[in-house]
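Peer 1: Dropping a structure here in structure tokens format, bear with me for questions.
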Ligand SMILES: Cc1cc2nc3c(=O)[nH]c(=O)nc-3n(C[C@H](O)[C@H](O)[C@H](O)COP(=O)(O)O)c2cc1C
């Protein structure tokens, strides 16, 4: 039979566990990357018309983006447009290509691989609510989360890495804005994010800097 102090210790341990921030559920390590459809690199609106429509949108319908739209969006954001050199649709400091795009959706969090044109599930949870302090991220069909891997900028001092990572993410964000304008989607880049909390939920490492998030979907 357990002693009173043994039972008390167990209860205390259980209470301590319950008080910890809810740990996110990692995806099944056996999850295989999902191939995206080949991005359609032709069409869209002429550039000057697209620029005249670019704007921030803060209300989204919950209509989903289909797979082709998602593939096109991710390619426009930071896909590879010169396969011979593996260069991207947005510039990056010394071509360090440090921006990783995570996609938060109702069915979990996915990591885009521009080289393979795939999405790999990295979390089971719906974390859209945590991707901004404003309520409209909750029902946007997709929230892009830009995370810089500073280890890919090893030659720069840490503070320069942080600056270049923000700048590089901003180029990706503008690509998303232009894609959205061209396709009749709405989007807004977000700096008003509890980045420490979101980084913890996503279990990001020391070299991973969360720069911005960007919900995107059909305007309400
Ligand atoms: C670095 C940066 C951070 C921003 N963060 C937020 C944000 O957290 N929430 C928000 O609603 N808009 C945010 N915005 C969007 C701006 O408010 C918006 O671009 C500005 O009001 C101009 O509107 P427009 O994009 O429609 O031209 C941000 C924009 C930038 C460039």
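Peer 1: When you go through (1) closer than 17 Å to residue 74 by Cα; (2) within 14 Å of the ligand (Cβ to nearest atom); (3) surrounded by 15 or more Cβ atoms within 10 Å (Cβ to Cβ) one by one for residue 165, which number turns out not to apply?
Peer 2: (1)
Peer 1: While we're looking at this one, here's another question. Mind listing just one residue for me: the one in region 168-196 that is surrounded by 16 or more Cβ atoms within 10 Å (Cβ to Cβ) and farther than 15 Å from residue 144 by Cβ and, of those, farthest from the ligand (Cβ to nearest atom)?
Peer 2: 182
Peer 1: Residues that are away from the ligand (no atom under 16 Å from the Cβ) and either under 30 Å from residue 162 (Cβ atoms) or at pLDDT 95 or above (or both): does region 3-12 have at least one?
Peer 2: The first filter runs over region 3-12 and keeps only residues away from the ligand (no atom under 16 Å from the Cβ), leaving 3-12.
Of the ones still in play, those that are also either under 30 Å from residue 162 (Cβ atoms) or at pLDDT 95 or above (or both) are none.
Taking every residue of region 3-12 in turn, none turns out to be away from the ligand (no atom under 16 Å from the Cβ) and either under 30 Å from residue 162 (Cβ atoms) or at pLDDT 95 or above (or both).
Peer 1: To continue, here is another question. Taking only pairs six or more apart or across chains, which ones have beta-carbon atoms under 8 Å, a first residue in region 54-69 that is within 14 Å of residue 214 (Cα to Cα) and in contact (Cβ under 8 Å) with a residue 40 or more places away in the chain, and a second residue that is in a loop (DSSP other than H, G, I, E, B) and more than 16 Å from the ligand (Cβ to nearest atom)?
Peer 2: 60/141; 60/218
Peer 1: Residues that are over 19 Å from residue 69 (Cβ atoms) and touching a helix residue (DSSP H, G or I) at 6+ places or on another chain (Cβ under 9 Å): find the strands (runs of 3 or more DSSP E) completely inside region 102-149 holding 2 or more of those.
Peer 2: Details: elements: 108-113, 118-123, 142-149.
In region 102-149, the matching strands (runs of 3 or more DSSP E) lie at 142-149.
Peer 1: For residue 156, indicate whether it is touching a helix residue (DSSP H, G or I) at 6+ places or on another chain (Cβ under 8 Å) and not in a helix (DSSP H, G or I).
Peer 2: Values: touching a helix residue (DSSP H, G or I) at 6+ places or on another chain (Cβ under 8 Å): yes; not in a helix (DSSP H, G or I): yes.
Against the criterion (touching a helix residue (DSSP H, G or I) at 6+ places or on another chain (Cβ under 8 Å) and not in a helix (DSSP H, G or I)), residue 156 qualifies.
Yes/no matrix, rows are residues, columns are (1) buried (at least 18 other Cβ atoms within 10 Å of the Cβ); (2) more than 16 Å from the ligand (Cβ to nearest atom):
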residue: 108; (1), (2): yes, yes
residue: 119; (1), (2): yes, yes
residue: 150; (1), (2): yes, yes
residue: 157; (1), (2): no, yes
residue: 203; (1), (2): no, yes
residue: 207; (1), (2): no, yes
residue: 214; (1), (2): yes, no
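The values are calculated or read from the model by the stated rules, or taken from the named source; none is laboratory data. These numbers come from a predicted model, not from an experiment. Heads up, the Cβs are rebuilt from the backbone with ideal geometry, glycines too, and the neighbour counts pull from every protein chain shown.
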